[in-house]
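The values are calculated or read from the model by the stated rules, or taken from the named source; none is laboratory data. Just so you know, these numbers come straight off a predicted model, no measurement behind them. All Cβ positions, glycine included, derive from the backbone under ideal geometry; neighbour counts span all protein chains shown. The area values use the complete protein model at the heavy-atom level, side chains included, leaving out ligands, DNA and RNA. Shrake-Rupley method; radii C 1.70, N 1.55, O 1.52, S 1.80 Å.
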Amino acid sequence: MSVSAMEAKNSVLVIGGGIAGMQASLDLADRGMRVYLVENTPSIGGRMAQLDKTFPTMDCSICILAPKMIECFRHPNITLLTYSEVQEVSGSTGNFTVKILKKPRFINEEKCTGCGVCAQHCPVEIPNEFDMGIGVRKAIYVPFPQAVPLKYTIDEEHCLKCRLCQRVCQAEAVDLNQKPEVVHLNVGAIVVATGFELLDVQGRSEYGYGKYQNVLISLEFERLICASGPTGGHLLRLSDGRIPKRIAFIQCVGSRSLKGGVSFCSSACCMYATKEAILIREHEPECEVYIFYNELKVFGKGFQDFVTRAQNHWGVKYVRALPGEVVEDSKTSDLTLWYEDTRENVTKSIKVDIVVLCPALVPRAASKDVSAILGLELDEHGFFKPKDTLFAPVDTNVPGVFICGYCQSPKDIPESVAQASAAAARAAEVIALSASKEVH
Amino acid sequence: MATEPKIVAFLCNWCAYAGADLAGVSRISYPPNVRAIRVMCSGRVDPAFVLRAFETGADGVFVGACHPGDCHYISGNLKAEKRMENTKKLLKLLGLGPERLRLEWISASEGAKFAQVIRDFTADLSKMEPNPLKVKGNPKAPDAPINTKKVISEAMRKTNVQYCLECGKCTGSCPISKVNNAYSPRRIVERFLLGFEDRMLSGTDLWTCLSCFLCSERCPSDVRFPEFVMACRRVASPEVMEELCAHRGISMALSRMMTNPKIRQDRMGWLPEGAEISKRGDLLYFVGCLPYLDVFFEDFNLQLSKIPQSVVKTLNKVGIKPAILSNEKCCGHDLLWTGDLENFERLAKINVADFKETGANRIVTACPECYRTLKKDYAELVGNFDFEVLHLSELLSELVDKGELKFDSELGTKVVYHDPCRLGRHMGVYEPPRKVIASIPGIELVEMGRNRENAICCGVSSWLSCNKHSKAVQIDRLREVKATRADLLVTTCPKCQIHWKCVTSEKLPVSPEEVTMEMRDLSVLVAEAMHLA
């Protein structure tokens, strides 16, 4: 066997550059495997990069994530393929052939220093996806300051082709003639970690998301309260820039629902709502916070203590009720929630400044494409089906292809990381086995 | 010939009853056909009493009142006179004939007059056929005893009640719960699940539900609460229902009487001159109870007969000659929602047989209640219901698409549309009425904050539980209507119009300008825009 063939057999493709994909990549790379980490967006980091803090330790999310991102970037055994998509996969365990499309950044990655002068001059401003559309970005952009790789990308859809960026770039990195590039790889195993997205709650018209400016979804709120977010971490109402005096969270919007949503529990919402509630109390001690829930799912280590601390120390108010509707006062943009306090058996209403909806977290729509490319089975909700839920949770119906993170089932960050390590271990095992077969 | 007609006589305590007494002590003989019921004032006699008498077999009803000016309660007798005139119109519609109801002024000293009046009335009734609508036994009692436990457990299963998560989203949505803290759909479900059904069945809560489906629309567990309530009402205490029924259940009495095969209604008086209708045809127009409502609520001057008139004129204009049943029976909506499944099924069977006779394959209705009942409940409860049921707005919107509706006037008004619960949330028809309104030149269609699936009920359904809470819901909705600054409120349900007209005719807790509004049924608006009205 040639050296390149040997190396190919020693390689793993990781699909998805979120925390699970990164963890699996680092584990494998540390073991001496060659890792190709494919990420659809211009930067790795995933959902965790968007979070302000993590529960229950209240760590700064990006502060613990950024070193891992850099490690992925610097690791000699990891090749980052950002802004790329897996297009075709053939072969079988121990010997997969993969075709990857590298979308054109219109920037020479070798030359770009990430100085950002181009973005300062770019005249186009569009809603920033990373800030959930609350802030703006330019047509030439990095998704967020800690992006890895710190290379700019031109958004072809919105670019005016004015070439201002090209004129100001001292590194001469702008290349508007860049074409999509196809990369062929030979790998022994594949780890899939495509993550989640938030359920579209526009259809839940009773809560007025999309209609009322002060009704937000949780990830929008996370950006709003984050120091690197569009308001620099100042907690403001979007309608009038006023500091809110009362905020309500509504749990289970579309989750645990037999109609018009998903039937499973997203497993992270009760905890992140508690975290966000504490953040509000830290930022604005005058601001009251109500969490409307049906059942509090606080099952993890230290979770109950976290909620108790939120209640007793931070004064977060938990109300066992799912509000029926949110009504906006068209003059003041204040919001009134109607609910039945199911402990007191009384119908009540409460006026708040901001409503934060916690929508169901669902597998990414793109996981359907991945399943088609790899031949992976999906369950009724769009999660990748493990080979055996109990004893082979990261194995799939395709030998040599492993799954981890939220795309496998609902879970939080520590669980995703643990599962990523498991998937990495299983991938390494498969490679070791196929190598030993070759030798004998 | 009714050789021995039965007469129920409602006699005022202060005059006619004493008059009858005088006739007795004066030994003036009069036919023994009369059964006297003493009331404190003739004004107490409700049209529902009269209908109840006929339903249970009376051949004639007599009301004896004080002479004008003599009433102990100032004007009760005059009110009685007005009411009985109105009731006579209902009897005419029913085909019983107005002459079976008689009101006379009889003072306490007019014993001879009382005897003479009864003699004349008995003689007149003897010349007529016996009351054809006489019902054997108790018309409200079901044919066979109902197994309460079975009905409830089946209803629980069918309506997903067991999936309730007790989140209270239903109560947080319920328009009644917002004004009545004691009412909670969640707690009703909870009590049934805990086995306290006896208490629930004998209480008032089951009759409070508006069946507006707002709770059900939003329930994450897909519990269909209104349907559960509908099923439970079948085995709930009818006495409580009667107490809570608006207009003393006259709507249900009329519907029950229509189950009698001998009924020959005289209900086509609304038909405009020159209108073309047929006995047979592809398209049947189901008019509904509009002729009755127009009479019963004539004080409101809503001119509800304009609705069928507009429908027929509009259909004629586009070359459709609809089939109409001249002896059309009630669809049975109110019976179904008040738990009288037996009589509902009877009506449904009679109606379906009549539909088949017309040879129609499409049925159009302008009333959302008829629409739901025919399209959903008939199809579920009556086998072989192979008709396509359309709401008028759906038919009109089809005609708009084909370019067949030609509007030749620019009305130049701002219109707000209210979604009736039964058309909207029950049946999912939100867009056709809007499309029709928007297609009229010069009309600006505006929306209330709570529209489509979030629309609020007009406050009363199935003539149940009309009280301060429903009034509060109505006023709340009308203020929302006013807030749109529209000139005209358009809806497709005549009941919505009746309920709003009623609440604004009473003493209001807010200034009248905040709630009074010009209203129009969609069909009438369309006919006006086509210069047909």
- Query: Which whole number gives the average, over all residues in A:346-354, of C-beta atoms from other chains lying within 10 Å of the residue C-beta?
  - Reply: 3
- Task: Kindly point out which whole DSSP H helices in chain B project their C-alpha atoms 30 angstrom or further along the helix axis while averaging a Kyte-Doolittle hydropathy of -0.5 or above.
- Result: none
- Message: Amide H of residue A:236 versus every other amide H placed in the peptide plane: which residues, excluding those fewer than 5 positions away on the same chain, fall under 5 Å?
- Response: none
- Item | For the range B:284-300, 3J(HN,Hα) per residue [Karplus equation, 6.51 cos²θ - 1.76 cosθ + 1.60, θ = phi - 60°, Hz, x = Gly/Pro] | 9, 9, 8, 6, x, 8, 3, x, 6, 4, 4, 6, 5, 10, 5, 4, 6
- Query: If you place +1 on the Cβ of every Lys and Arg and -1 on the Cβ of every Asp and Glu, how big does the dipole about the Cα centre of chain A come out, in debye to the nearest 20?
  - Reply: 280 debye
- Cα shape, chain A, gyration tensor, a/c 1.5 rule: oblate
- Query: Looking at chain A, do any whole DSSP H helices span at least 18 angstrom along their long axis by alpha carbon and average -0.5 or above on Kyte-Doolittle, and which?
  - Reply: A:61-74, A:269-283, A:413-439
- Note on the structure: Here FRET efficiency (C-beta to C-beta, residue A:160 to residue B:196, R₀ 60 Å, nearest 0.05) is 0.30
- Item | In sequence order, calculated HN-Hα J values of the range A:172-177 (Karplus, 6.51, -1.76, 1.60; Hz; x Gly/Pro) | 6, 8, 6, 9, 6, 9
- Per DSSP H run of at least 4 residues, take -39500 (n - 2.57); add these up for chain B, divide by its residues and hand me the 222 nm value, nearest 500 deg cm²/dmol. -12000 deg cm²/dmol
- Give me the accessible area of residue B:469, 1.4 Å probe, in Å² rounded to the nearest 10. 40 Å²
- Within the set A:259/B:468; A:68/B:169; A:68/A:387, which residue pairs have Cα atoms separated by over 32 Å? A:259/B:468; A:68/B:169
- Short version: which residues of the range B:147-177 lose at least 40 Å² of accessible area, all chains versus chain alone, 1.4 Å probe? B:165, B:167, B:169, B:172
- Note on the structure: Whole-Å distance linking the alpha carbon centroid of the range B:474-520 with that of the range B:20-93 is 36 Å
- Task: Using only atoms on other chains, find how many Cβ atoms lie within 10 Å of each Cβ of peptide A:335-343 and report the average.
- Result: 5
- Query: Label-point separation (nm) for residue B:404 and residue A:390, each offset 7 Å from Cα along Cα-to-Cβ?
  - Reply: 6.5 nm
- Query: Using the alpha-carbon centroid of each, what span in Å lies between the range B:385-410 and the range B:153-198?
  - Reply: 39 Å
- Would you mind working out the magnitude of the charge dipole of the protein assembly as shown relative to its Cα centre, with +1 at each Lys and Arg C-beta and -1 at each Asp and Glu C-beta, to the nearest 20 Debye? 1480 debye
- Task: Name the residues whose placed amide hydrogens come within less than 5 Å of the amide hydrogen of residue A:291, ignoring near sequence neighbours (fewer than 5 apart) on the same chain.
- Result: A:249, A:317, A:318, A:319
- Query: For the pair residue A:425 and residue A:259, how long in nm is the line joining their label points, each one 7 Å along Cα→Cβ?
  - Reply: 4.5 nm
- Dipole magnitude of the range B:13-87 about its Cα centre (Cβ charges: Lys, Arg +1; Asp, Glu -1), debye to nearest 20: 120 debye
- Task: Subtract the Cα-Cα distance of residue A:436 and residue A:379 from 0.36 nm times their separation in residues, and report this length gain in nm to one decimal.
- Result: 17.1 nm
- Accessible area expressed per residue, the range B:183-341, with surrounding protein chains retained (probe 1.4 Å, Å²): 36 Å²
- Within the set of other residues whose C-beta is less than 12 Å from the C-beta of residue A:275, count the net charge using Lys and Arg as +1 and Asp and Glu as -1. -3
- Rough spin-label spacing in nm, given labels placed 7 Å along Cα→Cβ, for residue A:283 and residue B:151: 5.6 nm
- If you take the charge dipole of the protein assembly as shown about its Cα centre, with +1 on Lys and Arg Cβ and -1 on Asp and Glu Cβ, which of B:502, A:296, A:35 is farthest toward its positive end? B:502
- Quote the FRET efficiency, to the nearest 0.05, computed for residue B:280 versus residue A:336 with a Förster distance R0 of 45 Å and r equal to the Cβ-Cβ distance. 0.20
- Query: By DSSP, what percent of the beta bridges with both residues in the protein assembly as shown are antiparallel, rounded to the nearest 5?
  - Reply: 40 percent
- Item | Cβ-based net charge around residue A:137, under 11 Å, with every Lys or Arg adding one and every Asp or Glu removing one | -3
- Message: Let me check against my output: what whole-number percent is the relative contact order of the range B:368-475, with C-alpha pairs under 8 Å and at least 6 apart?
- Response: 26 percent
- How much net charge surrounds residue A:263 when only the other residues with a Cβ under 11 Å from the Cβ of residue A:263 are counted, with Lys and Arg +1 and Asp and Glu -1? 0
- the range B:58-103: relative contact order in percent, alpha carbon pairs under 8 Å with at least 6 residues between: 50 percent
- Among the aspartates and glutamates, which have Cα under 13 Å from the Cα of residue B:178 when same-chain residues fewer than 8 positions away are ignored? A:325, A:340, A:341, B:476
- Note on the structure: Note on chain B: contact order normalised by length, alpha-carbon pairs under 8 Å, 6 or more apart, percent, works out to 13 percent
- Message: If you take the accessible area of A alone plus B alone and subtract the pair, what total do you get in square angstrom, rounded to 100, with a 1.4 Å probe?
- Response: 2100 Å²
- Note on the structure: Expressed as a percent, the accessible surface of chain A that is carbon or sulfur, using a 1.4 Å probe and the full set of protein chains, is 52 percent
- Query: In whole Å, how far is the Cα centre of the range A:140-202 from that of the range A:310-384?
  - Reply: 32 Å
- Task: Ignore the peptide's own chain and count Cβ atoms of other chains within 10 Å of each Cβ in B:26-32; give me the average, rounded.
- Result: 0
- Farthest towards the positive end of the dipole of the range A:59-148, among A:128, A:94, A:64 and with Cβ unit charges of +1 on Lys and Arg and -1 on Asp and Glu, lies the Cα of A:94
- Query: Can you list residues whose amide H is under 5 Å from residue B:38's amide H, if they're 5+ apart or on another chain and H is modeled 1.01 Å from N?
  - Reply: B:11
- Per the charge dipole of the protein assembly as shown (beta-carbon charges, Lys/Arg positive, Asp/Glu negative, Cα centre), the residue among B:3, A:324, B:533 reaching farthest to the positive end is B:3
- Decide, for the range A:163-271, between rounded, prolate and oblate: order the square roots of the alpha carbon gyration tensor eigenvalues as a ≥ b ≥ c, take rounded if a/c falls under 1.5, and otherwise choose prolate if a/b is larger than b/c, else oblate. oblate
- For residue A:295, what accessible area in Å² do you get when you roll a 1.4 Å probe over the heavy atoms of the protein chains, rounding to the nearest 10? 70 Å²
- Counting only DSSP beta bridges with both residues in chain B, tell me the antiparallel percent, nearest 5. 5 percent
- Task: Just reorder B:468, B:169, B:92, B:178 by solvent-accessible area, largest first, 1.4 Å probe, all chains present.
- Result: B:468, B:92, B:178, B:169
- Answer rounded, prolate or oblate for the range B:372-429, using the Cα gyration tensor with square roots of eigenvalues a ≥ b ≥ c: rounded when a/c is under 1.5, else prolate when a/b is larger than b/c, else oblate. oblate
